[in-house]
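Working notes for the structure below.
Nothing in this text is a laboratory measurement; each read-out follows from the coordinates by a stated rule. All of these numbers come straight from a predicted model, not from anything done at the bench. Glycine gets a Cβ as well: all are built from the backbone with ideal geometry, and neighbour counts include every protein chain shown.
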């Protein structure tokens, strides 16, 4: 990555971490729903893996909810590693950081397995084959009774319907901008996203949306017999199950 590209990514990462709670519809609800669905005793000494951990907002909620839990943060961004390290500093002895992508060797950080694997707004970047392979890998590292919980962008109907969801997201973003709840820089980044995705959502180069129900079918086939969609609204969903 060139120095210019690295600086652009750093700016994007910092902006996303700061403004996503206001710029992304349902952001807070997605995180809250994952935490709510982790059906473990509060004092359990859980081992949790967060795939695509970003700035650590989801892990922060989980580590507060489960005071004896430890966690593995996984993300390919060194900038997000710094952001997450700052946010999670008070949990420093409870968090291990793995810089790498979701398809990489993060499993080596949990040689004895783990109790939960979570992910928020990350897995949709993988093609269907990549999603299925990731879910198989998660199943392998989870201990018996362990859980997977995913909050993500999904294909919320047919492709014309997905375009309508994206248009509503665009309207949300512009209302937030008009109310000065997001910065001009966030709006500029959003416009880049729109230019890339809105002309042809089905064949865009970066977002690989898959219906939540289809992903639940894969989870059941892989070995999560009670997998289900816990919550869905438009192009957003929370789903998962127990091994």
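Points worth noting:
- When the stretch 60-69 is limited to residues that are without any contact (Cβ under 8 Å) to a residue 40 or more places away in the chain and outside any loop (DSSP other than H, G, I, E, B), the one that is surrounded by the fewest Cβ atoms within 10 Å (Cβ to Cβ) turns out to be 64.
- The residue that is surrounded by the most Cβ atoms within 10 Å (Cβ to Cβ), among those in the stretch 195-218 that are part of a helix (DSSP H, G or I) and in contact with a helix residue (DSSP H, G or I) (Cβ under 9 Å, 6 or more places away or on another chain), is 215.
- Condition met for residue 210 (out of contact with any strand residue (DSSP E or B) (no Cβ under 6 Å at 6 or more places or on another chain) and under 13 Å from residue 132 (Cα atoms)): yes
- Answer from 93, 37, 86, 65 - the residue that is under 17 Å from the mean Cα position of the chain (by Cα) and over 29 Å from residue 203 (Cα atoms): 37
- When the residues of the stretch 219-240 are filtered to those that are over 16 Å from the mean Cα position of the chain (by Cα) and buried (at least 17 other Cβ atoms within 10 Å of the Cβ), the one that is nearest to residue 154 (Cα to Cα) is 234.
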